[in-house]
Amino acid sequence: MVTDMQIQQNLTVCVPIEEAEFIRTKLLESKSLDMNRKIKKVIENGKEHLLLPVTKVIPEHICLKDDTPEFYESHRSLKELLSDEIPAQELAKIPSSWQVIGTVIVITIPEELNDIVTLIGQKLLQMYPRCTCVVRDKGIKGAFRLPEREIIAGSGTETLHKENGCIFKLDVTKVMFSKGNLAEKKLMSISASNEFVVDMFAGIGYFSVPIAVHSSPKKIIAIELNPVSFGYLQENILLNHVENLVEPILGDCADVTPEGVADRVIMGYVGTTHHYLLNGIRALKPEGGVLHYHETTPEKLLLERPVNRIKEAAFHLGKNTEIVEIRRIKKYAPGVWHVVVDAKIT
Ligand SMILES: C[S@@+](CC[C@H](N)C(=O)[O-])C[C@H]1O[C@@H](n2cnc3c(N)ncnc32)[C@H](O)[C@@H]1O
């Protein structure tokens, strides 16, 4: 039985290249060759050697720890990996999707599988050798959109995640990272050339960073209320080298949103976004600009409620509204959609 400990040590045997094939076959026969890792070539004492990945110490060879292992992606599904270890009725409830955020896997597991969450976590780590931690997701709560998550295997919940040519540092147990918004984030990231942008609910920089990286904006004001997210926002601005373009502001956008400056305002928050509509519209330049207003809307009200809310707020400020587009981002709850409305306000 191969233990997690031995696999995590990434052991190899270092063998001269002429003997490598013979030894590799022997290791394969004795089931000691680690099929998840790649064989590497190294020069030892001026001669070519191969590092054969192994799952345990092989006494007849020199064993070395590989600090920079290279892995093959696993092609076996989670269900296949668990099929010998759990009964069919549990197997049927095993999730078929999860999120990989940097080196962390985030998975929602039904209550009925509570007794085998550790096993599920271990199998996922086997499937994704680059990952170090698996956390169970139990939803997102409150105004700060804080995730409820617990570690079920491995360790290390702070990670670096690459997306759309940007790098995001975050702790998946402390701040949310929504992959469902990827198309929207890509769209925003190419929309703001030479513009002044206000991102009212900036989080860790989900919109501000890609806009700064891809769109050559004039300037972005990124507002965030949660000090933990704000800390990551500051770090992500530096990590992506956009400190000359993005100005982070810690505070409530109801209080700190600037007025009359923006060509484009992003209101990327759901729940009570409409409470901030007047602030969002006031942030636009006097001659007008574009508002991206997010909302969670019951299916039946999809085309009316967010549009009416924008129109009413604009009317209150003596402005006109032209609806450019309404996009469904994702299902938020049964019968409820996360939508974005793009509106030209003049
Ligand atoms: C849903 S997250 C950002 C998500 C991001 N736009 C995305 O698409 O993944 C919303 C952020 O708004 C912040 N927030 C909530 N209320 C706020 C307020 N009144 N002022 C500023 N930020 C606020 C939360 O802390 C959270 O980080």
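The values are calculated or read from the model by the stated rules, or taken from the named source; none is laboratory data. The model shown is predicted, which means the values in this text are computed figures rather than measured ones. Note that we place each Cβ from the backbone using ideal geometry, even for glycine, and neighbour counts take in every protein chain shown.
Just to be sure before I move on: is Glu48 more than 29 Å from Asn181 (Cα to Cα) and modelled with pLDDT of 90 or more in the structure I sent? So Glu48 does not fit the description; no. Considering only region 235-279, how many residues are crowded, with 19+ Cβ neighbours inside 10 Å, in a helix (DSSP H, G or I) and out of contact with any Ser or Thr (no Cβ under 6 Å at 6 or more places or on another chain)? Here the count works out to 6. Scanning region 200-226 for residues that are more than 6 Å from the ligand (Cβ to nearest atom), without any contact (Cβ under 8 Å) to a residue 40 or more places away in the chain and assigned to a strand (DSSP E or B) yields a count of 3. Residue count for region 101-141, restricted to those that are free of Cβ contacts under 8 Å to residues at least 12 places away in the same chain and farther than 25 Å from Leu182 by Cα: 3.
The test for being in a loop (DSSP other than H, G, I, E, B), within 13 Å of the ligand (Cβ to nearest atom) and among the small types (Gly, Ala, Ser) does not hold for Gly231. Evaluated against (1) modelled with pLDDT of 90 or more; (2) of a type outside the set (D, E, K, R); (3) within 12 Å of the ligand (Cβ to nearest atom), Pro147 falls short on exactly one condition, (1).
Is it the case that region 244-252 has a residue that's in contact (Cβ under 8 Å) with a residue 60 or more places away in the chain and among the acidic types (Asp, Glu)? No, because not a single residue in region 244-252 is in contact (Cβ under 8 Å) with a residue 60 or more places away in the chain and among the acidic types (Asp, Glu).
When Ala222 is tested against the conditions (1) surrounded by 23 or more Cβ atoms within 10 Å (Cβ to Cβ); (2) not assigned by TED's automatic domain parsing to the domain that holds Val341, the lone failure is (2).
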